1. Once the other residues with Cβ under 12 Å from the Cβ of SER148 are scored (Lys, Arg +1; Asp, Glu -1), what is the net sum?
2. For LYS43, go through the aspartates and glutamates and keep the ones whose alpha-carbon is under 16 Å away, minus same-chain ones fewer than eight residues off.
3. Using only Cα atoms, figure out Rg for region 84-224 and give it as a multiple of 2.2 N^0.38 Å.
4. At a threshold of 8 angstrom on Cα-Cα distance, excluding pairs fewer than six apart, so keeping six or more, what relative contact order does region 140-265 reach in percent?
5. Report the local net charge at SER357: Lys and Arg +1, Asp and Glu -1, summed over other residues whose C-beta lies under 12 Å from its C-beta.
6. Once you order the gyration tensor axes a ≥ b ≥ c over the Cα atoms, which shape class does region 227-284 get: rounded for a/c under 1.5, otherwise prolate or oblate by comparing a/b with b/c?
7. Summing Lys, Arg as +1 and Asp, Glu as -1, what charge do residues with Cβ under 15 Å from the Cβ of THR214 carry, THR214 excluded?
8. Where does each of ARG327, ARG30, ARG220, ARG141 land when they are ranked from fewest to most other beta-carbon atoms within 10 angstrom?
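Computed from the coordinates by the stated procedures, all read-outs in this text should not be read as laboratory data. Values in this document were obtained by computation on a predicted structure and should not be read as measured data. Cβ placement follows ideal geometry from the backbone for every residue including glycine, while neighbour counts extend to all protein chains displayed.
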Amino acid sequence: MPSAWLLQPRPTAPPPPPPPPAATRSSLSRFSFTQFQIADVLKELQNLDPYKSAGLDNLDPLFLKLSAAIVATPITSLFNLSFISSEIPKDWKAAAVIPLFKGGDTLDPNCYRPISILPCLSKVFESQVNKQVTDHLDSHRTFSAVQSGFRAGHGCTSATLKVLNDIITAIDKRQYCAAVFIDLAKAFDSVNHHILIGRLSSLGFSDDCLAWFTNYFADRVQCVKSEGMLSGPLAVSMGVPQGSILGPTLFSVYINDVALAAGDSLIHLYADDTILYTSGPSLDTVLSNLQTSFNAIQHSFRGLQLLLNASKTKCMLFNRSLPAPARLTSITTLDGSDLEYVDIYKYLGVWLDCKLSFQTHIKHLQSKIKSRVGFLFRNKASFTQAAKLSKTDYPTDPRLQRCHLQNCFQHSTQQTGCSLSQCHPFCH
């Protein structure tokens, strides 16, 4: 089972184009790695979570944390040597993949979520590298304003509120607003290294950096670890390393320019979650513009060898008071498949409905909050009074804080807003 699970097919695509020549590179200042300082590595080691699992090298995070003052100096030298040689130890490129069962058929590999565990030292190393990379990218404002994934000062909050504000503004103007929620098939696993290196080159990364990243992707392997057994290694020739520190940043670089293809529509990117939407007084014009933009976005993703998952890509028409059409014009993929229109969709953890009443989302919150409070009530004898007060202060629950939903609920009906506050008595 472990080896068979690793051999699941990945998306395939035509051979990549050659990277851009040096003469066509951007005028950005050249970026080269700088030597690590012992103090920075020491701090990173001291901040390790001792409860994290060790990688295939069996180097325990607790050991590194306790011995940080002793090992920081040789580890720093090892890290800096990697820059000089443009090589990364092969042991740091081996991942243990733990299949987490999601439900369904236990014999179906698609019913498992892969959890990748990398060697602890590789994460310490990548954390320091990632700081230098993001500093360079941020200083040159590389990322699009509509790219919220894995960026400081951005996140689910900024992405969701930006999208909701645009949609609500259109609704307040009595306009139709249509959206496509784009789902990609195994996006992180489908990144083409050749294309990514070309993008880094165009962003001012020096030849030494490009050589280092080329080695970073080379000779990667993964093994499945299940029930105390370990499968044989399988080479990984594409994708950003799952569970790595650099992976999310590199993926953001990879898809950043997709936003340029949106045309007259609006777009927002968060990791592999993309929403494309547009609005206007004429529904026919709105859907026509959305189709044109969707076609361009699909071509952009295909150029990156990222494949659309048509069955999970959905459309939604946001409308509160305008006449509802008898039949909506279909939005189609480049392959000719019609996308399904839905009335409810979960976007970045928030259940959106076509009238933006948030009723579905609040019902989910009610259920989760009552379940949590019920657990606390049944075990109240085990808690001190101070613990009871801290645990039952439901407004501080992260599910309520997510995306500052209080800013969104002001647009919901009074009845819906009151239904959430009904949870308050359960917390006392």
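1. Result for the neighbourhood of SER148: +1.
2. GLU126
3. Dividing the Cα radius of gyration by 2.2 N^0.38 Å gives 1.37.
4. 31
5. Once positives and negatives cancel, what remains is +1.
6. Here region 227-284 falls in the prolate category.
7. Neighbourhood net charge equals 0.
8. ARG327, ARG141, ARG30, ARG220
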